[in-house]
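Trainee: This is the structure I want to talk about, given as structure tokens.
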Amino acid sequence: MEEISDPPNPTREISEPMSEFDPKTMRTTKPGAKRLLITTSVLVCFLLGFPFLWKSVEIYRSPLPFHDIDSLSGQIESSPLQFPCTFHAIFVGFRSMNPSNLRSAILDGVTQFTHRSSGCGSCNFSLSVTVQDPDDHCTETIVRDPSKCSYRCGVIKGNDFGIGLEDAAVDESLNDIFGGCTGHGGKIYSVVVVNKDLGNGEGEVRAVVGKHRHAWIVGSGLEERYGDMVAKVSEIFVKVFMKGGREESSINGEFMPVGSDGKVVLSFNLLNSNPRDWVYDWDFQRIDETLLSPVIKALEPVANISVESQVLYHTPKSSFASWDEKLRSHIFRMSDLPFFVNSNEWHLDTSVGAGGRSKILQFVVYIPSAGECPLQLQLPNGEMSKTNGFISPMWGGVIVWNPANCDKGSGSPARTSIPPQNLEKIFEVFLGQFRQLFGFKSEATYTSGLGTFEILPSERGFTEWELDVLSRQHTCFNLQSCANTLGSLSRLVQSLPRMIIKDEIGEQVKFSLKAAKMAQSNASLGAYGSSASSSREARSLAEDAFFHPSIMSVSYFSFEHCFAVYSPFFLPVSMHVILAALREWKRYKQEKAKYLTSLTRKKTA
């Protein structure tokens, strides 16, 4: 009997190899990339939107010439600015004088006086010497530079100098003689030494410095006093023409009475202490036209000066004076001057145009009340002040004016004007105070160990050589201030990359650098006025750029601040998008690996 068996099952034969299929490690279909593409597109869109976000919070910065700023600062520090000065010494009435020896001796004296003054604003001088004998024959040092002045022999006569002659006429005559000299920048400083008896029989030597750029020394027996004569000439060149008759530390750049914008406001105030006693007014317009206008015009290269005036009432001083029976006046001592100005009652700063960085100089005429009239200021040595006034550095000056009749009037006081002659004297004192605020002396003499030099006053308040000194000093100070301000701005901008820099600031910096280079060029050519004006413009533009309102804008913040502000909004979303993309990429790789494993098994089977 045959054995019964099951028929063959083809399905079983097929399923035997498939029994090895593991769904955890294999798959039969190719994985789709749709989820991966969607996730990747979201991530790409997010990444593409980041530059637009960064652009929306970008800070505009105008390009600044950092290299030019560093170059200007380095140039001013390494090579202090010096101005060309041409000196010419003329000796009239000398027989046995060698001009070369005289020139060497004067150069030694000038070098001795200037060995400590080689900084910014000093003179790079050249010297020529001419000796004219009594027969009007001249010998002079060789002049190699054709731009220097060539003195025409015999023009200056010994009879042109004497006691009976007016010093102003002599000064104008010398100015006419040397007026055609080109020199450096059209300026030349001359000292004329005349060997002549003044007629007093005492062998006196008289030295005078004119209001232009010329001085003269007249006396007898100067050949025997060779050393003193050479020393006087050297001292006039250095101490007067180069330094303006001031000591080394008599004025500092930080205490210049000029604002950082190059403007000065002169505020003249007439203060009536008690209008119940008397009320005084003044004709300020006439004084402005006759006395102040020439001074303002002369100082145009140094400062832009404007003038204002006002009359105030009920302005008592903050302390009382003591009565002196011997002098029959009320005495206010110099030790009490800090308490004279009453800032609570004296409302002086009323000018609208004096805002910003302009400098205000107050000049006060104080009229005391009847109870303190007359009021005199006593000096520390016990003497009475001749001007009855005083100055306060960087603030201004005060003059106490006592009316002619100090008896208290009866009834309602009528408005009275200060007499014109008294008003002129008051403003002459103000002019002397104004000179002191600029560092010059108010006296008409200069005294040193070698003697006394008379100085001719100028109707413009400042002589030409004094204006030259101011121009040189202000040019130097303005350029240093400009370089420091621009350097500070450059370091600030580079340290804060998120600071707003508008085009206006960039233009101001460029124009400031241009004006500074123009000032240096004019200074090298000896154009003192032009160099001072350009340096003032350079400093003003640098200050305007540094204090521009947009620099301290609310949008000024660092990158760390920007990240801290925006990260709470975008960091969570970005993290989820990135993590989702990474997970989808990982899933896609796993599914693809399963499909490849399944294909490999099929090929093997």
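The values are calculated or read from the model by the stated rules, or taken from the named source; none is laboratory data. No experiment lies behind these values; they were computed from the predicted model shown. Glycine gets a Cβ as well: all are built from the backbone with ideal geometry, and neighbour counts include every protein chain shown. The protein model used for the area step is the full one, side chains on, heavy atoms only, and it has no ligands, DNA or RNA in it. Shrake-Rupley method; radii C 1.70, N 1.55, O 1.52, S 1.80 Å.
Trainee: Can you find even one residue in the stretch 469-481 that is surrounded by fewer than 19 Cβ atoms within 10 Å (Cβ to Cβ) and small (Gly, Ala, Ser)?
Mentor: no
Okay, residues lined up against (1) modelled with pLDDT of 90 or more; (2) in contact with a Phe, Trp or Tyr (Cβ under 9 Å, 6 or more places away or on another chain):
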| residue | (1), (2) |
| --- | --- |
| GLY49 | no, no |
| TRP54 | no, no |
| TYR60 | no, no |
| ILE76 | no, no |
| CYS85 | no, yes |
| ILE90 | yes, yes |
| GLY93 | no, no |
| SER117 | no, no |
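Trainee: For THR387, state whether it is assigned to a strand (DSSP E or B), polar (S, T, N, Q) and within 30 Å of GLU166 (Cα to Cα). Even if it seems obvious, please write down each step before you answer.
Mentor: Values: assigned to a strand (DSSP E or B): no; polar (S, T, N, Q): yes; within 30 Å of GLU166 (Cα to Cα): yes.
No; evaluated as a whole, the condition is false for this residue.
Trainee: Is it true that some residue in the stretch 440-456 is free of Cβ contacts under 8 Å to residues at least 12 places away in the same chain and in a helix (DSSP H, G or I)?
Mentor: Within the stretch 440-456 (the criterion being free of Cβ contacts under 8 Å to residues at least 12 places away in the same chain and in a helix (DSSP H, G or I)), the answer is no, since none of the residues qualifies.
Trainee: For residues that are farther than 17 Å from GLY396 by Cβ, at pLDDT below 85 and not in a helix (DSSP H, G or I), scanning just the stretch 331-352, find the one that is most open to solvent (accessible area, probe 1.4 Å).
Mentor: This residue is VAL352.
Trainee: Please enumerate the residues belonging to the stretch 296-322 that are modelled with pLDDT of 85 or more, in a strand (DSSP E or B) and not β-branched (Val, Ile, Thr).
Mentor: Keep residues of the stretch 296-322 that are modelled with pLDDT of 85 or more, which gives 296-314.
Still in the running and in a strand (DSSP E or B): 304-313.
Within the stretch 296-322, ASN304, SER306, GLU308, SER309, GLN310, LEU312, TYR313 qualify.
Trainee: Any residue at all in the stretch 492-514 that's over 21 Å from the mean Cα position of the chain (by Cα), of a type outside the set (A, V, I, L, M, F, W, C) and open to solvent by less than 40 Å² (accessible area, probe 1.4 Å)?
Mentor: The answer is yes, given that some residue of the stretch 492-514 is over 21 Å from the mean Cα position of the chain (by Cα), of a type outside the set (A, V, I, L, M, F, W, C) and open to solvent by less than 40 Å² (accessible area, probe 1.4 Å).
Trainee: Being under 24 Å from the mean Cα position of the chain (by Cα), among the small types (Gly, Ala, Ser) and crowded, with 17+ Cβ neighbours inside 10 Å is the filter; apply it to the stretch 296-327 and report the residue that is farthest from LEU423 (Cα to Cα). Before you say what the answer is, go through the steps one by one.
Mentor: Filtering the stretch 296-327 down to residues under 24 Å from the mean Cα position of the chain (by Cα) leaves 296-308.
With the extra rule that they be among the small types (Gly, Ala, Ser), the set shrinks to 298, 303, 306.
Going one step further and asking which of them are crowded, with 17+ Cβ neighbours inside 10 Å, we end up with 298, 303.
Working: ALA298: 22, ALA303: 26 Å.
The residue in question is ALA303.
Trainee: How do the pairs read when you match residues in the stretch 582-605 that are closer than 12 Å to PRO31 by Cβ with residues anywhere that are among the small types (Gly, Ala, Ser) and not in a helix (DSSP H, G or I), using Cβ under 8 Å and keeping only pairs 6 or more apart or on different chains?
Mentor: Correct list of pairs: TYR588/ALA33.
Trainee: So, of the residues in the stretch 258-295 that are of a type in the set (Ser, Thr, Tyr) and part of a strand (DSSP E or B), which turns out to be surrounded by the most Cβ atoms within 10 Å (Cβ to Cβ)? Show your work before the answer.
Mentor: Start the filter on the stretch 258-295 by keeping residues that are of a type in the set (Ser, Thr, Tyr), which leaves 260, 267, 273, 280, 290, 293.
Adding the requirement that they be part of a strand (DSSP E or B) leaves 267, 280.
Details: SER267: 20, TYR280: 18.
Step by step, filter the stretch 258-295, then rank; the result is SER267.
Trainee: When you scan the stretch 354-368, do you find a residue that is surrounded by fewer than 17 Cβ atoms within 10 Å (Cβ to Cβ), touching an Asp or Glu at 6+ places or on another chain (Cβ under 7 Å) and at pLDDT below 85, even just one?
Mentor: Yes, the stretch 354-368 contains a residue that is surrounded by fewer than 17 Cβ atoms within 10 Å (Cβ to Cβ), touching an Asp or Glu at 6+ places or on another chain (Cβ under 7 Å) and at pLDDT below 85.
Trainee: Now for a different question. Listed residues GLU464, GLU428; which is within 31 Å of the chain's Cα centre (by Cα), at pLDDT 90 or above and open to solvent by 50 Å² or more (accessible area, probe 1.4 Å)? So that I can check it myself, show each step before the final result.
Mentor: Numbers: GLU464 fails: open to solvent by 50 Å² or more (accessible area, probe 1.4 Å).
None of the others qualify; the one that does is GLU428.
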